[in-house]
1. Just rank 428, 17, fewest to most, by other beta-carbon atoms within 10 angstrom.
2. Counting just the Cα atoms, what span does segment 520-563 cover along each of its three principal axes? Round to the nearest Å and put the largest first.
3. Give me the extension gain from residue 603 to residue 71: residue separation times 0.36 nm, minus the current Cα-Cα distance, reported in nm with one decimal.
4. With the radius of gyration and the Kirkwood radius both derived from the Cα set of segment 565-616, what is their ratio Rg to Rh?
5. Using a simple spin-label model with points 7 Å from Cα along the Cα→Cβ vector, what separation in nm is obtained for residue 56 and residue 246?
6. Tell me the relative contact order for segment 231-376 as a rounded percent, counting alpha carbon contacts under 8 Å between residues six or more apart.
7. Calculate the spin-label point distance for residue 645 paired with residue 438, positioning each point 7 Å from the Cα along the beta-carbon direction, and give it in nanometres.
8. If the convex hull of the alpha-carbon atoms of segment 296-349 is projected onto planes in all directions, what is the mean projected area in square nanometres?
């Protein structure tokens, strides 16, 4: 077997340490790689990231960074077979590695797509509403997110060397932060291969991505308040890092995603023979055996109604007995090895302690009947199912995690008891409930929601399309309170914002508008002889306004619109009922009639720079328009964002007023325009 020397990537160069530690195959114990970081200048790496990578990324827009992240995901996909082959020696089956490799690339695609859809093509994000702060409107405020001038340090766990790295890298790069990645040593050779693939694209700015293959040395000593640390791993290591003097002194943003004692609840309605009963058994068995149970979201505590304990145990034992354990390269194997013999010993030690308060009802601590040849020095272990009939006295089950193919069955008396047991884990990444009873689900959310970062509800209606208990999704937050670390990752653009600095700005509307590149209420407007729909994006000034002519709305207009559309709501057609309304005080025009007339007042119909109207946002009807009232429209270029070489998005502020200058309606109009 060829032994791979794992290198670091620092200050734009690959670096090979002279002091290397061996990494053994989880399958047969042979040395597959050597790794180390002695000799790296960690302070220089931090400076290089800030000065080269950070400045280059901040000069790019969110869309440019999103395109970069997408290209990195594509590169991983193009070289996935190499990564699959390397991953076998970590003990992972191909199905396990699909989550890691293609799932990891998928997080980059998702981050890229969300950023391009939801973030502006600039480098500042507006957060929330514009806030007038003075009577005349000359002083106002708003919140923004801007890129920090630091580096994001990512310290990752061994179980998902690619997914765990990429789900952090994507949002950080989009946020404009250069990254220093420190993978776990046992699977760091997989992470190094993925980093080489991404660097080979030639798309990453110098200093945007660096890799430490070994100890971090004095890296954390060089961090400041502009930097951040994202950690995935054990509670003990997390606590140690959080107490680092530099992190405490400099108030370095620290995000922890720690292993937790996740639970799954079989609903009281899920009797034997129901789809939910079968789904629960399937889900618990899957979470025990996928990745050999080495998932931070895996089910550790399976909570079932007391009268169904035997039935669930029998069904789960039968399913586990059908799981073939052995060499992950074999097509018939469904569960591979733990990542190392050291990890196997750790799991066995913790199970031995848990067995003092629970019975092992399936599996063996020393079983050796695994499929494959030459596995004697591998890290294989049978799935282990425990049973604790007095869960409130089995504190070791609620306080200690055996990070492997291990779960414990526990009974509950009623829904309140199930909630209390789930919460007894003091915070988890994931809680699942298998039930077809909406009242049960609502009760559990009310009682357990604050203890669990994600809650998934599985039943016969969603099972075929459900991602299941243990799958974090890039569009939803991943993290949890208490024992789970109190951190938050992913969640779409939330992850990007989490890596940025939120600031409050105060000043004149014109000043604030100049900062954010967007028209704000009270901003100076400009007008001209050219209709704004005749201007290309490059010619259109933010704040350029078209003021329409007047149009009077008649009773005949209202009645025609009602009969033509079928909208004969009483406020438009019944004078007596409308007059009795505390809102209308008589017949009024349809809101959508107002929108239609507004379009007729501001649209320039000839072909030109405006290619299409693709939406309205923030629509508010402020004051009713009655028969005989007149209306006019102010159409103002609010913001613009180039999407590609052929077109871009223009956002227009539309203000409809009546003859008394009262606001009738406001909304944002979205158009696609030529650049």
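Every read-out reported here was derived from the displayed coordinates using simple, explicitly stated rules and does not represent laboratory data. Quick caveat: nothing in here was measured; it's all calculated off a predicted structure. So basically every Cβ, Gly included, is an ideal-geometry build from the backbone, and we count neighbours across all protein chains shown.
1. 17, 428
2. If we take the Cα atoms of segment 520-563, the spans are 43, 24, 17 Å.
3. 187.6 nm
4. Working: Rg = 15.9 Å, Rh = 13.3 Å.
Checking Rg against Rh, the ratio lands at 1.19.
5. 2.2 nm
6. Working: 143 pairs, mean separation 27.3, N = 146.
The normalised contact order for segment 231-376 reaches 19 percent.
7. 5.2 nm
8. Over all viewing directions, segment 296-349 projects a mean Cα-hull area of 5.3 nm².
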